[in-house]
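*Asks:* Encoded as structure tokens, here's the structure I'll be asking about.
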Amino acid sequence: MNLNGVLLARHGETNDNVEPIRAQGFTDTPLNDLGRRQAGELAQRIAKGEPIASLWASDLSRARVTAETVGALVGLAPCLDARLREGNRGEWEGRLFIDIEREDPEGFAAWKRAGSGFRFPGGESLPEQQQRVTEALAEIHGTGRLPALVVCHGGSIRVMLCAQDPRGLDAFWEFKVPNVAVVPL
């Protein structure tokens with residue numbers, strides 16, 4: 001799928017992104033102080049680059065506030081789309097990964113292998129997340145308002161990078177996506 005002109009950016013830091021890391025998923029965790037500063041830095045980088053024609057974001061506050069910070073500087077209001085959310089982590093949401101690893105070593109090992117067969121207990125699979133994010137990005141691309149900046153989540157960016165990789169979702173852990181990284185598709 002051709003998504004040229006779509007730029008993906010990860011939201012700023014939250015307290016759940018800091019060691020020990022907590023599974024966020026659909027949980028609406030706010031940016032922390034560093035995350036708000038990172039959002040401002042992202043806004044400066046975007047404002048100094050090629051002008052963007054449209055701004056989109058996940059509806060979760062960590063992505064929405066990051067996008068609003070960018071939008072305030074470049075004069076665009078973000079369009080929100082719940083399909084851009086992080087993967088639904090189901091029963092793992094809000095729990096520390098170190099606790100999950102201790103209490104469910106087999107499930108945690110399966111997560112570290114990821115791939116198309118992995119599903120979060122009570123949540124969604126990586127292929128389901130990839131499908132919904134792909135559909136949202138195809139619609140964004142289809143608007144023709146490019147370049148488009150899409151502020152979303154690390155897992156959502158990873159599944160899209162996997163869509164372009166011959167290894168597919170088996171490459172999920174190969175991609176590192178730090179907070180406020182910008183990834184062109």
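The values are calculated or read from the model by the stated rules, or taken from the named source; none is laboratory data. Treat the numbers as computed from the prediction; the structure is a model and nothing was measured. No Cβ is skipped: glycine too gets one built from the backbone with ideal geometry, and neighbour counts run over all protein chains shown. Quick note on the areas: whole protein, heavy atoms, side chains included, nothing else; ligands and nucleic acids left out. Shrake-Rupley method; radii C 1.70, N 1.55, O 1.52, S 1.80 Å.
*Asks:* Which whole-number percent gives the relative contact order of the chain, counting Cα pairs below 8 Å spaced six or more residues apart?
*Replies:* 34 percent
*Asks:* Continuing with this model, one more query. Can you pull the accessible area of residue 33 for me, 1.4 Å probe, Å² to the nearest 10?
*Replies:* 100 Å²
*Asks:* A follow-up question, please. Determine the per residue accessible area of segment 9-68 with all protein chains present and a 1.4 angstrom probe, expressed in square angstrom. Walk me through the numbers on the way to the answer.
*Replies:* Details: 2700 Å² over 60 residues.
On a per-residue basis, segment 9-68 sits at 45 Å².
*Asks:* Highest GNM mean-square fluctuation, the chain, Cα pairs closer than 10 Å: which of 49, 117, 12?
*Replies:* Most flexible of the set in this elastic network: 49.
*Asks:* Hey, rough spin-label estimate for residue 2 and residue 47, points 7 angstrom out along Cα→Cβ, what's it come to in nanometres?
*Replies:* It works out to 3.4 nm between the two label points.
*Asks:* Quick one: pull the percent of accessible area on the chain belonging to carbon and sulfur, 1.4 Å probe, ligands and nucleic acids left out.
*Replies:* C and S atoms contribute 51 percent here.
*Asks:* In addition: Between residue 28 and residue 139, what FRET efficiency comes out of the Förster formula 1/(1 + (r/R0)^6) with R0 = 35 Å and r the beta carbon distance, rounded to 0.05?
*Replies:* The computed FRET efficiency comes out at 0.90.
*Asks:* Suppose each label sits 7 Å from its Cα in the direction of the beta carbon; what would the residue 82-residue 131 distance come out to in nanometres?
*Replies:* 1.7 nm
*Asks:* Sticking with this structure for a sec: Once label points are set 7 Å from the Cα along Cα→Cβ at both residue 98 and residue 170, what is their separation, rounded to one decimal in nm?
*Replies:* 3.3 nm
*Asks:* Counting only helical runs of four or more DSSP H residues, what would the 222 nm mean residue ellipticity of the chain come to if each run contributes -39,500 (n - 2.57) and the total is spread over all its residues? Kindly include the intermediate steps, with their values, before the conclusion.
*Replies:* Working: 6 runs with 73 residues, N = 185.
Calculated at 222 nm, the ellipticity per residue is -12500 deg cm²/dmol.
*Asks:* Answer rounded, prolate or oblate for the chain, using the Cα gyration tensor with square roots of eigenvalues a ≥ b ≥ c: rounded when a/c is under 1.5, else prolate when a/b is larger than b/c, else oblate.
*Replies:* On the way: a/c = 2.12, a/b = 1.40, b/c = 1.51.
Oblate, since a/c reaches 1.5 and b/c is not below a/b.
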